[in-house]
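The values are calculated or read from the model by the stated rules, or taken from the named source; none is laboratory data. This structure is a prediction, so every number in the text was calculated from the model and none was measured. All Cβ positions, even for glycine, are placed from backbone atoms using ideal geometry, and neighbour counts span all protein chains on display. Note: accessible area is taken over every heavy atom of the protein model, side chains too, but ligands, DNA and RNA are not part of it. Shrake-Rupley method; radii C 1.70, N 1.55, O 1.52, S 1.80 Å.
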Amino acid sequence: MSSNNPVLKTLQGVDSQRGTGYQGYGAANPYEQAPMGAPAGTVSEDRPMTVDDVVTKTGITLAVIVAFAVINFGLYLGGYGSIASILTLVGAVAGFVLVMIHAFGKKYGSPVITLAYAAAEGLFLGGFSFAITGQFSVAGADAGALIFQAILGTFGVFAGMLVVYRTGAIRVTPRFNRILTAAIFGVLILVVGNLLLSIFTGMNPLRGGGTIAIVFSLVCIVLGALAFLQDFDVADKLVRMGAPSQAAWGVALGLAVTLVWLYTEILRLLSYFQQR
């Protein structure tokens, strides 16, 4: 179960402050609740998952996202805005549908769903990044600097929350999961309400760049950061319970969803300050 990756090495082995260590491949899950959609105590011919599996699958997923984001962003720059806009919309819808399929499906960790999501979300991110930075000098340093800062901020938060998880500064308990899930659903309801308000009245308080929009983006960034703790905890439990290696694709999908959400909120927040 050893890992060559120093960043996620903390997810392996025995954590004396969290209780039971690795139980062996195919053993029943010793935890009160298995990750959503993950089969508990299921014997499989696949080998046990390792932290390196998580790192590799997540790396592949992020590489696909970046590749498709660059392609769609390039279409905008090349003057194919109509095609790129369609791809952005298709990517957003397809990404949401694929996440729902994975969340409510019977099988946890499908490489097809994860990579399809990565491609779809990459198209969305390419269009989203252009839409946010397009009002500036896209071919100049401003847009590029804004995107770079958002990427740097996203992975900075990722690294920071990994340290928080490793030190146990914030414990991922059932109560923590319930509160965070409720808060995220609350934010989703506000986003839908704001969208309807914008369509029917033209008012856009949560995304208009004002004080309320800045506060809302900060709240979303905090929730996104806390969501990383859930992702790390899922990976931790799956490794220690001896889940099949294919489950790493499910972890990669979860991390990608959180990273995408965090990136969009950080980029949006930076754009608000750029406009001032």
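Around Arg207, what is the net charge, scoring Lys/Arg as +1 and Asp/Glu as -1 over all other residues with Cβ under 12 Å from its Cβ? Mind showing how you got there, number by number?
Numbers: positive: Arg268; negative: Glu265.
Computed value for this residue: 0.
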What ranking of Leu75, Leu195 comes out by heavy-atom accessible area, probe 1.4 Å, highest first? Leu195, Leu75
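In Å², what does the accessible area per residue of segment 86-219 work out to with a 1.4 Å probe? Can you show the working numbers first?
On the way: 7370 Å² over 134 residues.
Normalised by residue count, the accessible surface of segment 86-219 is 55 Å².
How many percent of all Cα-Cα pairs in segment 211-276 sit more than 16 Å apart? Mind dumping the intermediate values first?
Numbers: 1134 of 2145 pairs.
For segment 211-276, the share of Cα pairs beyond 16 Å comes to 53 percent.
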Solvent-accessible ranking of Met100, Met49, Met161, Met203, largest area first, probe 1.4 Å: Met203, Met100, Met161, Met49
